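The next block holds one structure in the form of structure tokens; read it before the comments.
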Amino acid sequence: MASDSSTSRSQQTVADSRIGTDAVNSSALDPTASQSVATTDTSSMATESSGSLIPEAPSPSHIEVEAEDPEEPAEIQLALPKQSKRTWTDKSGTHSVVATLVNFNETHVQLERADGGNKVALPIESLSEDDQIYFAYATTPRYDQEAEVVIGKASRIMDGDTIKLHSIEDDQRTIRLVGIDAPESDQRFGPEAKLWLTHEVSGKNLRVEVKEKDRYGRLLGNVYVIDEGDRWLNHEIILAGLAWHYVDYSSDIRLAKAQQVARGEVAGLWQDARRVAPWDYRNGTRIETAIPVEAESIRTTDIQVYVTDSGTKYHSSGCRYLAKSKHQIPLSRAKSAYSPCSKCSPPR
């Protein structure tokens, strides 16, 4: 789980200092144990006044644009989240201590005890499962300090802008890449968008910075490839010409500029003179012309089914699994992101 090298080890460059093995106190979580633990070269540890670790991180890449384009937003720095006091417990559940995480390396964490300020170093593997998961998230830098972070690997690619993520907490999350809209599966470039996303995420460790949930219960987030220097896939799929900037729901200038570049280079869907934006396609437009050829919107003609806040199935209206949450969704859309419930046997 959180001790996976893909999480704690991949962030090792954040703290250049090392916690010496002579600092390890296996009974440090025991309140009756000595609180004085020696550490090595603590003067070189990367800390800030609050006690959290702040890494030296590369700034995101920028795309050159014409002078008349909107101003660049303030540069966003990759940083670790602010740390706070919490109760740490060992695997046996016997010992615990209130402390703040102040440093770490591949094998150990260093905690500052709240009952005296002394620092103790503990093997990561000696921590409880919950603490190891907390450690994985606490040592994962992110751009949006207010975002909920989910770490894991893609278990299924729904389409060009939606994936299922198997998280390190051993559950499944439906992730919708925020700020973009990829062509629908039956649109031109829809299969290409799905293939591109499949290639970019398969087998790789991903970090998702979640903004919010949509009306279908999916997590809307920015997806980064941890293994490849935090590549931002929302941005890259637009640059590849395989998704649109979803301007109705996003004012991100970086995504807008990525679309300008893709359009200028006639990449992907921008090669198609008869292209239709996916949001228009879902509402019936089939051909981009001066006088659009319209079809009835699937929002009114499609069979309606229901999904829940956290489930992976779609249901008929009276299904017992809809007792706690219930969101209506067109069947055509449900089939691209959910599987049918085996209990209520909804339309297929």
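The values are calculated or read from the model by the stated rules, or taken from the named source; none is laboratory data. Since we're looking at a predicted model, the values are computed, not measured. Methodologically, a virtual Cβ is constructed for each residue, glycine included, from the backbone with ideal geometry; neighbour enumeration extends over all protein chains shown.
Of all the listed residues (Val225, Val201), the sole one being farther than 27 Å from Lys313 by Cβ, aliphatic (A, V, I, L, M) and not assigned by TED's automatic domain parsing to the domain that holds Leu78 is Val225.
In the condition set (1) in a loop (DSSP other than H, G, I, E, B); (2) touching a Ser or Thr at 6+ places or on another chain (Cβ under 7 Å); (3) on the phi < 0 side of the Ramachandran plot, Gly217 is compliant with all but (3). Of the strands (runs of 3 or more DSSP E) lying entirely inside region 86-162, those containing at least 3 residues that are out of contact with any Phe, Trp or Tyr (no Cβ under 9 Å at 6 or more places or on another chain) span 96-104, 108-113, 119-123, 148-159.
Among the residues of region 216-230, just one is more than 11 Å from Val149 (Cβ to Cβ) and hydroxyl-bearing (Ser, Thr, Tyr), namely Tyr216.
Within region 132-170, the set of residues being surrounded by fewer than 20 Cβ atoms within 10 Å (Cβ to Cβ) and within 23 Å of His108 (Cβ to Cβ) comprises Tyr134, Tyr137, Val149, Glu169. Within region 262-273, residues that are in contact (Cβ under 8 Å) with a residue 24 or more places away in the chain and over 14 Å from His235 (Cα atoms) have Cβ atoms under 8 Å from residues that are surrounded by 12 or more Cβ atoms within 10 Å (Cβ to Cβ) and of a type in the set (Asp, Glu) in these pairs: Gly268/Glu192, counting only partners at least 6 apart in sequence or on another chain.
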